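Let me begin by presenting the structure, written as structure tokens, before commenting on it.
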């Protein structure tokens, strides 16, 4: 997979993408990440990328012509290619959407900043995505979140079982929270590991985990249950 990120602040990605799983995925070649400076497509000697909003108002708005040129130059015209606008007005990111995006060959992520985008930008992208019902100063952190969630699902980066049993993964049509996990010590400040997990019996362990996962979901995220 190739992921291209169009941004005014490429330096924000340097440390994040050079550690942990993203760094290992790049080394393995399971993902190629390209960071593109939007200002390279700016207008005039000052490489202007934004302007005052028509009708007045605070802040500056990113220009559609600049973003369009950046997107067109970034496209590879591969069959499975998608341009994504990081925007609080977009579709809220969830695991089902991450699974869909992990199958795309080339993702182009557009990071906004300032007051937002010229509305016409929405006509030149394939999808608009928000990482939650809140507003950030720019799309860069949202892009990092999206990249990390996708890379975890790419073959060769994690054992398949590790992503099948975690929260929000598709489990026979349900997407519930993961069961509680424990490790040593078996007892700590009078709180003990459940006996079922110490039984050594896979049937007992699995039944306990399924029960706990369902109970936890009912308590914390009942909206996930059909």
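Within region 13-39, how many residues are out of contact with any strand residue (DSSP E or B) (no Cβ under 8 Å at 6 or more places or on another chain), within 23 Å of residue 112 (Cβ to Cβ) and touching a residue at least 12 places away in the same chain (Cβ under 8 Å)?
Of region 13-39, the ones out of contact with any strand residue (DSSP E or B) (no Cβ under 8 Å at 6 or more places or on another chain) are 14-16, 18-21, 23-25, 27-30, 39.
Those left that are additionally within 23 Å of residue 112 (Cβ to Cβ): 14-16, 39.
Checking the rest, the ones that are also touching a residue at least 12 places away in the same chain (Cβ under 8 Å) come to 16, 39.
Of the residues in region 13-39, 2 are out of contact with any strand residue (DSSP E or B) (no Cβ under 8 Å at 6 or more places or on another chain), within 23 Å of residue 112 (Cβ to Cβ) and touching a residue at least 12 places away in the same chain (Cβ under 8 Å).
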(message) Restricting to region 90-101, give me the number of residues that are in contact (Cβ under 8 Å) with a residue 40 or more places away in the chain and surrounded by fewer than 17 Cβ atoms within 10 Å (Cβ to Cβ).
(response) 5
(request) Might you check whether a residue that is under 14 Å from the mean Cα position of the chain (by Cα), more than 17 Å from residue 152 (Cβ to Cβ) and in a strand (DSSP E or B) occurs anywhere in region 91-104? (result) yes
(message) Exactly one condition in (1) outside any strand (DSSP E or B); (2) in contact (Cβ under 8 Å) with a residue 40 or more places away in the chain; (3) closer than 22 Å to residue 30 by Cα is false for residue 107; which is it?
(response) (1)
(request) Go through 133, 68, 118, 87 for me and flag whichever is surrounded by fewer than 12 Cβ atoms within 10 Å (Cβ to Cβ), assigned by TED's automatic domain parsing to the domain that holds residue 26 and either in contact (Cβ under 8 Å) with a residue 40 or more places away in the chain or under 14 Å from the mean Cα position of the chain (by Cα) (or both). (result) 133
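The values are calculated or read from the model by the stated rules, or taken from the named source; none is laboratory data. Here the structure is a predicted model, which means the values were calculated and not measured. As a convention, Cβ positions derive from the backbone with ideal geometry for all residues, glycine included, and neighbour counts pool all protein chains shown.
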